[in-house]
Amino acid sequence: MAATVTPAAVGDAGLGDLIPFWTDVRRRFLRNKLAVGSVVYVVLLSLIAILAPLITFYGPKKINPAASLGKPSRAHWMGTDLLGRDVWTRLAFGARISLSVALAVVVVSTVLSLLVGALAGYFGGWWDTITMRTADVFSTLPYIVVVLFFISVFGRKVWVIVLAIVALGWMGSARLFRAGVLQVKSQEYIEAARASGCSTLRILTRHVLPNAIQPIIVSVAFGIGSAILLESVFGFLGVGIAEPTPAWGLMVGDARDHLFDAPHLFFFPAGALVLTVLAFTFIGDGLRDALDPKLRGAK
Amino acid sequence: MASYLIRRLGLALLVVWGAVTIMFVMFFVIPGNTIDILSGEKVVRPEIRRTIEKEWGLDKSVTGQYVHYWNRVLHGDLGKSYSNNRSVNELFKQRAANSARLAFWGLTIEIVFGIGIGVIAAVRKYSLLDVVTGFVAVALAGIPVFVLGLLLQYGLGVRPAQWNWPRWARFPVQGMGPNRWFVVIPLGHQWKYLILPAIVLACVQTGFITRISRTSMLEVLNADYVRTARAKGLRSSTVIVKHALRNALLPTLTVIGLDVIGLFGVAVLTETVFNWPGLGSTIRDYAFAQDVPVVLGLASIVVLFGAMASLLVDVGYSILDPRVRLTTEKVD
Amino acid sequence: MSAELAAVAPLLEVRNLTKHFPITKGALLRRRVGTVKAVDGVSYTVRPGETFGLVGESGCGKSTTARLVLKLMASTAGQVIFDGVDITHIKPNNKALRRDLQIVFQDPYASLDPRMTVRQIVAEPMIVQGTAPKDAYGQVDDLLVRCGLAREHAARYPHEFSGGQRQRVGVARALGTRPKLIFLDEPVSALDVSIQAQVMNLLEDLQDEFGLTYVFIAHDLSVVSHISDRIAVMYLGKIVETGSRSEVFERPEHPYTKALLSAVPVPDPRLERARKKTRIVLRGDVPSPADPPSGCRFRTRCAMATDLCASDEPLLTDQGGGHLVACHYPGIEWPAASSSPLESTSAVA
Amino acid sequence: MNTRYLKALAGGMLALAITVPPATSAVKKKKVTRVTKATTTVAPATTAIPATTATPATTAAATVTTAVKAVAAGGTGTKCNKVGGTFIDNWTLSTSDAQHIDPGITTELIGAQVINAVWDGLTRVDPDTGNLLPDVAESWSSNADSTVWTFKLKKGVKFSNGEDVLPSTFKKTWERNVSPALGSEYADLANVIKGWQAIQDGKGKELAIVADDANLTLTVNLSSPYGGLAQRVSHTLFFPLSKDGQIAGKDYEKGVMIGNGAFKMDGPRQPDLQTKLVRNDSYFGGINGHPACLDTLVFKVSKDPISAYADFEAGNSSNGVIPGGKFAEATKKYGDRATKAVLSEQYLGINWKDSVVGGFGAAKLRQAIGAAIDRAGINSIVYNGSRKISTGFTPPGIPGYKAGLTQNFQKEGADPALAKRLISEYAKPIPKLTYWYRTSSVEATIAQLIQANLKDVGIDIDIQAQNPTTYFTDVRNKNPQLFRSGWTWDYSGYDNGANQLFHTTDDASNNLTDFAVAQYDQLTEKGQAESDPAKQAADYQQAEAIMLDQAVVIPLVWGRFQTVLSPKVDQYPQNALGFVDFGGVSLK
């Protein structure tokens, strides 16, 4: 008895009776300033992406050689790049490409890795062996070969890049998920759920996933950043999204040539990238805390 | 346990076979062939082309080449480069150690800082330290390697040289340096050449590991058994190290394991920027030239290595979490 | 009580239930090199309304037996007849099976999903059975109250409760579907002694209230002694003695049962002191179920073992009145030499 | 045309390699196979190929029968103001290591650069004047129809291991280099020598060369008349190999190769790290007449020019490559001593066979494209203003060069008015055109500048990034309407550019535009057969003018080395083809 925490010890004992679960989650989430700030940022970013044509004054591909490498000014408040394109405009339009690439990558690879990883972890046996060894194969294939293959077969299109990034990245979250499921599956409450008559699907969705989701939240937050970054790596290697498409990764990569004479070329897209990853990280943290029943009612 | 290891080794070979086969197929689907790529715009004289094709067995059918490839590999010969005639075995010998050393130190930095910062951030959740380290970790992970590398090169190599700082305060910009090692321990000035690429290599993943270990740590710190341990009056540090850390390491280990596997991949850019001749950049170079023997040869060894790493991760699981048994089903 | 019930058809009949785990060797082609006989031909019957105690040291297969009956594990051989229906080969997710057979787990901490409220936990079996979530949630309050908790507790999470309270939640969860039979897998062994009694009382009350039948699994005869009508003692995957409570407690015939009984503390301190002198200490550890001793499985720890014990396996034979014992020398007394203070209960715990 | 580019691309440094000017990114040298073809298409009487440089020696070689003694050896080259020191080169191999440094196998300029430091051939091109100088050969001559060439070797030329360099050394080496067993892609360079075909066909083993070691004369019999042999033997394929090299296969370069040049290898190559050379003390002097000024010469390998530049900036190398966009900054900081013009041309190609932009009928359209492009803009944005805007295809420095061949419609800046007028004269609707470029940030920049220029005059183009690895094969086979390419001269001869890139019967591989105009073909063939340099130049100029009037290529800019030199470097002789004469390089 002494070893356990009595209900009285955990905050306001009456709290749980009055407030429904989701209200409580929301309340706890809203109390987290970083998370709320991050949500505001993401919403703002999405608005910028959606309203890009309305809030910018130049075309994203409109070049103006006369204004090459202009410093931030009243006309171009984030400056201009080598071709005299407005950095702010490209950043806003780039949010469309980069965010949708990142989200597509994260959604597809999370769903895929959920299926593969969760099932592999839960059922074990041959399915586990096959999928995890397949993951081994994929994670060790030189990525350049895979990307070369994709772009030479399907062309240098945005969805092809998405596909390539997914093909190269699903194993990470699949393994993470598998590890989580492995850990959860041996818990007695899973057996209890089976004894209660829960179907496998119900056990997976109601018991296993909610308890294994923590690392995945982090992985999703970072997945968004690394998808955008991979795009820049591919750009650096010449196998990524083609110019003049405005994409953050490309912008960061191109800025390398002018790191010291035109730092604004690096600072703004890289800053946007880092802030975005940070925002998703903080949202992940906030969600984690809000969803964790053990932190219920706690400050 | 032993039989488990042997079985997993067998599976690792299967993984290598699968990866090589996939790459083999990919190279046949990717347009262009080595001879054309090497000769560029020049049309190679038919006699020369025939000589080259015969030498490399390119005159055989796809399956013939595939069989030929394995036949050679099974005899311990990974073949020769199409483009510069270097023996792949030799290339591997030269490159693997470089890669392994860089990877080792990158990984060490990653683990020490990643887990260290993660744990501290979890214990001091939402403190200034937590927020700042979180920000720095994400920011470092958010800068592409080729930019971060350049910043370090200028900050620690070029500027100190231009400002005539003393020798000890300058770092080399590029290269392997004296190449003096005791296994993985750099000797003499070697560490100066190693440190920048190792840091850059580590930065890619440190942020992620920091966050993962912070999250798992928080999860564990709230778990019943840790609360119990605390309630028992154990010292906070004992609780963290003995009870929490061990259990929090599982997801972190997964990430690290993945990282070991992928490190050669990540190292491509680091190796390029710092001109560190390792496997990653070598594979990349030859992949662009569609130099099939080199890519297949080196990559299959990397794959084998990766399969081993994933095996180690699984063994590590069973050590950290005895419930994850390697062989038998749970009895009572 | 047992005499009346004897006439009634058994609710659960387990015949020759067996669970073997293969031990394999070899890298790619796995050869089977041996078998762990976790449960090896266990038979017993449970009558409606009674409490059947299943006792044995940890690792003897008692929990496995429960899991086999509940189809949480597939049995290797044997037959299970529940409520007149042979359920040996029905699917594990059979709704009726899940409705009528429930289990309360040993560990109140691990067996409740930390991410579910008590309401969700208790309602889940009902919802799975097809009860509308709203109705199921409605019944939760009532169940909680009956199990000695408050309505308000429904919205809380497991970590907000003490061990005893959690076990009450576990019981409430098992009760929701109005099962006919509940397996209680050492339901109080993880609890403090003071709480143990509360939970035991609750279980008894509920049995009366709902007309439940229990299979009570324990490693400690003292716990079972309160509640059981009949008792089976298991050793290394086999039942060595079974009979009514009074027969087993008052006239134990198997040396193992006697050893277990000698470890049961007696409330009277004087008697307890006297008994201490006659405590039986078992030699050695439980042998590996992968390589059980020949003949009588208990012979390696039995001071009275003979050559016969090593060569022939004793069968369960009726000593009269349904008191079955698997011993070549039923009723044999332990020699005095083996009686000495038991350092701890670990030998039988 | 720049295959080494491709290698750089293949090396993965796409974004960066293109920022390097052609010569610095090292050009794969193209063989001169045109010669034999010319002999079949041109009248028998005029078989000799014109000299590729205007030196008196070579001009004479094609016309007179008497032996022409070349400039006396020794003392004419670069002097050492200081002897000693280590030169660390981070320019030659700044995008990737050389694939080969075996003289018989190498196909790249970067490999040839190293080879030129370790070996000396019979002749060598003067870094200052571009003239041909005697090297191992003391003098040479040919018979009247240039079918028999005799080289007189200097006395006392030795390999670094003490072995003599004799006429038989050359004979044996050449036979090794052209043997099918070696599979050298440049074996064709020797195809004018009698016996070559038989060796290729497996019917013989020897070239028709008489090596008189006693008199130090090497007599080469050709299968067809060729006036340019003295130039040709300055190629690495004809460098002498020591005895073990003469019998060695492809694996020769794994060890220490023995040369007769100013430097010798200090040990085997360290692939992807460096190749270290030290002074060869038994060097005969070569074109400078003295041993190398430097003690040590290290060719450092980089894979990323920006990092290589950082390395230079940190004071770790004696020379370095200027990355794209840094030309002004770098030359301001480190001077422009090493940024002289290189024989190369960047151009926009237009497909002659295309149904829209090709043929005579679309000349106005092509000219309009030329008029619309703002080359000054490209120069300033892409090249930091470092390049010279082309006034024709052939760059200054090539004998016979004439300025202003495209003046009629191309200005330095854009001329939208002229372009619009030409379009209205063209008087046909212009569909959206396709423009191909090798993926890289620099190429993308050029593409967008051109796209914007053309949009200004109402021409829409679709710019498409192409797989860099297979770019040239794809351009050759899939015939895009517009494409970007460049050309770097292998030797300073007019024919190496104009004659080989746009001739109908030329290697399909080199004529990417598929230009096929009879008048052009006749003029270049006539020029090739011409013995008088002035007349020859006139023919080539006329041909080029026709090609440029048809605007099948839109010349953009001529090349320039993007090299920075450490202030510690004293002498740095480099010829316009890209070769640094490391024997003459010295430090302060």
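The values are calculated or read from the model by the stated rules, or taken from the named source; none is laboratory data. Just so we're clear, the structure is a prediction, and the values are computed from it rather than from any experiment. Ideal geometry is used to build each Cβ from the backbone, glycine not excepted, and the neighbour counts take in all protein chains shown. Quick note on the areas: whole protein, heavy atoms, side chains included, nothing else; ligands and nucleic acids left out. Shrake-Rupley method; radii C 1.70, N 1.55, O 1.52, S 1.80 Å.
For C:G53, the residues 5 or more places off, or on other chains, whose built amide H falls under 5 Å of its own are C:F216, C:D229, C:R230, C:I231, C:A232. The equivalent ellipsoid that matches the C-alpha gyration tensor of chain C spans semi-axes of 35, 25, 20 angstrom, in descending order. Taking amide hydrogens as placed 1.01 Å from N in the peptide plane, the amide H of D:V557 sits under 5 Å from those of D:Q346, D:S390, each at least 5 positions away in sequence or on another chain. Students often get this wrong, so check it: of D:K402/D:K478; D:K154/D:K264; C:K37/C:K258; B:K80/D:K205; D:K205/D:K243, which have C-alpha atoms separated by over 29 Å? Correct reply: D:K402/D:K478. Classify segment B:91-331 as rounded, prolate or oblate from the Cα gyration tensor: take a ≥ b ≥ c as the square roots of its eigenvalues, call it rounded if a/c is under 1.5, otherwise prolate when a/b beats b/c and oblate if not. Because a/c hits 1.5 or more and a/b fails to exceed b/c, segment B:91-331 counts as oblate.
Pairing chain A with chain D buries about 1800 Å² of accessible area. This figure sums both sides and uses a 1.4 Å probe. Sequentially through segment C:171-176, phi angles give Karplus couplings (6.51, -1.76, 1.60; θ = phi - 60°) of 5, 4, 4, 5, 7, x Hz, Gly and Pro residues having no value and appearing as x. In the context of the full set of protein chains, segment B:91-331 has a per residue accessible area of 37 Å² (1.4 Å probe).
Paramagnetic label reach from D:T219 (point 7 Å along Cα→Cβ; backbone nitrogen cut-off under 12 Å): within segment D:148-173, residues D:148-151.
By its C-alpha gyration tensor, with a ≥ b ≥ c as the square roots of the eigenvalues, how is the protein assembly as shown shaped: rounded for a/c under 1.5, else prolate for a/b larger than b/c, else oblate? Each step should come with its number before you reach the end.
Values: a/c = 2.98, a/b = 2.29, b/c = 1.30.
Cα axes put the protein assembly as shown in the prolate bin.
Please state the charge dipole magnitude for segment A:5-295, taken about the Cα centre, from unit charges on C-beta atoms (+1 on K and R, -1 on D and E), reported in debye and rounded to the nearest 20. So the magnitude is around 380 debye. Per-residue Karplus couplings for segment A:133-147, computed as 6.51 cos²θ - 1.76 cosθ + 1.60 with θ equal to phi - 60°, are listed in order as 6, 4, 4, 4, 4, 5, 6, 10, 4, x, 5, 5, 5, 5, 5 Hz, Gly and Pro entered as x. Other protein chain C-beta atoms within 10 Å of residue C-beta, averaged over B:273-281: 5.
Total Å² of accessible surface buried at the A-B contact, 1.4 Å probe, nearest 100? Could you put the intermediate results ahead of the total?
Values: alone 16190 and 18540 Å², together 28840 Å².
Using a 1.4 Å probe on protein heavy atoms, the buried area is about 5900 Å².
Compared with its chain on its own, segment A:126-147 contains the following residues whose accessible area drops by 30 Å² or more in the full protein assembly (probe 1.4 Å; ligands, DNA and RNA excluded): A:T129, A:R133, A:D136, A:V137, A:S139, A:T140, A:L141, A:P142, A:Y143, A:I144, A:V145. For segment D:71-223, a simple Cβ point-charge model (Lys and Arg +1, Asp and Glu -1, everything else neutral) yields a dipole of about 380 debye relative to the Cα centre. The order of A:Y122, D:Y540 by accessible area, most exposed first and with a 1.4 Å probe, is A:Y122, D:Y540. Rounded to the nearest 500, the 222 nm mean residue ellipticity of chain D from helices alone is -8000 deg cm²/dmol, with -39,500 (n - 2.57) taken per DSSP H run of at least 4 residues.
Per-residue ellipticity at 222 nm from helix content only, as computed over chain A with -39500 (n - 2.57) for each DSSP H run of at least four residues, stands at -21000 deg cm²/dmol.
Using R0 = 45 Å, the C-beta based FRET efficiency linking C:S222 and C:Q79 works out to 0.90. Quick one: check the C-alpha center-to-center distance for segment D:406-427 versus segment B:266-291, whole angstrom. Distance between centres, Cα-based: 46 Å.
Once the 1.4 Å probe is applied to the protein heavy atoms, segment A:5-295 comes out at 36 Å² accessible per residue. Measuring with a 1.4 angstrom probe and ignoring ligands and nucleic acids, C:R47 comes out at about 50 Å² accessible.
Each part gets one Cα centre, and for segment A:61-93 versus segment B:103-140 those centres are 36 Å apart.
All other residues whose Cβ lies under 11 angstrom from that of B:F208 are scored, Lys and Arg at +1 and Asp and Glu at -1, for a net of 0. Pairs of Lys residues in chain A, spaced 8 or more positions apart or belonging to different chains, with C-alpha separations under 22 angstrom: 7 in total. Once both labels are positioned 7 Å from their Cα atoms along Cα-to-Cβ, the gap between C:A9 and B:T238 label points is 6.0 nm. Taking a ≥ b ≥ c as the square roots of the eigenvalues of the Cα gyration tensor, segment D:409-451 is classed as oblate, since a/c reaches at least 1.5 and a/b does not exceed b/c. Within the protein assembly as shown, the cysteines lacking any other cysteine Cβ closer than 4.7 Å to their own Cβ are A:C198, B:C203, C:C60, C:C147, C:C302, C:C327.
Antiparallel beta bridges, as assigned by DSSP with both residues in the protein assembly as shown, represent about 75 percent of the total such bridges.
Based on the Cβ-Cβ distance from A:I55 to A:L103, what FRET efficiency comes out when R0 is 22 Å, to the nearest 0.05?
Calculated transfer efficiency: 0.60.
Considering only A:S199, A:G180, A:Q214, and ranking their Cα positions along the charge dipole of segment A:169-222 that arises from unit charges at the beta-carbon of Lys, Arg, Asp and Glu, the one farthest toward the positive end is A:S199.
Couplings 3J(HN,Hα) for segment C:216-232, derived from phi with the Karplus relation 6.51 cos²θ - 1.76 cosθ + 1.60 (θ = phi - 60°), are 9, 9, 8, 9, 10, 4, 4, 5, 5, 4, 5, 10, 7, 8, 10, 9, 10 Hz, where x marks Gly and Pro. The alpha carbon centroids of segment C:186-206 and segment A:176-206 are separated by 27 Å. Build a GNM of chain B with springs between Cα atoms under 10 Å: which of B:I209, B:I48, B:I240 gets the top mean-square fluctuation? Of B:I209, B:I48, B:I240, the most mobile in the Gaussian network model is B:I48. Between C and A, roughly 3000 Å² of accessible area is buried in total, ligands, DNA and RNA not counted and the probe set to 1.4 Å.
Taking each residue of B:145-158 in turn, how many C-beta atoms of other protein chains fall within 10 Å of its C-beta, and what is the average?
On the way: counts 4, 12, 9, 0, 5, 9, 4, 1, 7, 5, 0, 1, 7, 8.
Partner Cβ neighbours, averaged per residue: 5.
Annotation: D:W489 carries an accessible surface of approximately 10 Å², with a 1.4 Å probe and no ligand, DNA or RNA atoms counted. Placing unit charges on each Cβ (+1 for Lys and Arg, -1 for Asp and Glu) gives segment B:91-331 a dipole about its Cα centre, and among B:G134, B:F92, B:Y193 the Cα reaching farthest toward its positive end belongs to B:G134. A Förster distance of 25 Å, applied to the separation of the beta-carbon atoms of D:D266 and B:E90, puts the FRET efficiency at 0.80. If only the Cβ of Lys and Arg carry +1 and only the Cβ of Asp and Glu carry -1, the dipole of chain B around its Cα centre is close to 980 debye. The residues neighbouring D:E329, those whose beta-carbon lies less than 14 Å from its own, together hold a net charge of -1 under the Lys/Arg +1, Asp/Glu -1 convention. Taking each DSSP H run with n ≥ 4 as -39500 (n - 2.57) and averaging over every residue of chain C yields -9000 deg cm²/dmol at 222 nm.
Taken residue by residue and averaged, Cβ atoms of other chains lying within 10 Å of the Cβ of B:163-174 number 3. Think of the protein assembly as shown as a dipole: +1 on every Lys or Arg Cβ, -1 on every Asp or Glu Cβ, centred on the Cα centre; then among D:Q536, B:G306, D:W91, D:W91 lies furthest on the positive end. For C:V39, nonlocal amide neighbours, meaning residues 5 or more places apart or on other chains whose placed amide H falls under 5 Å from its own, are C:K19.
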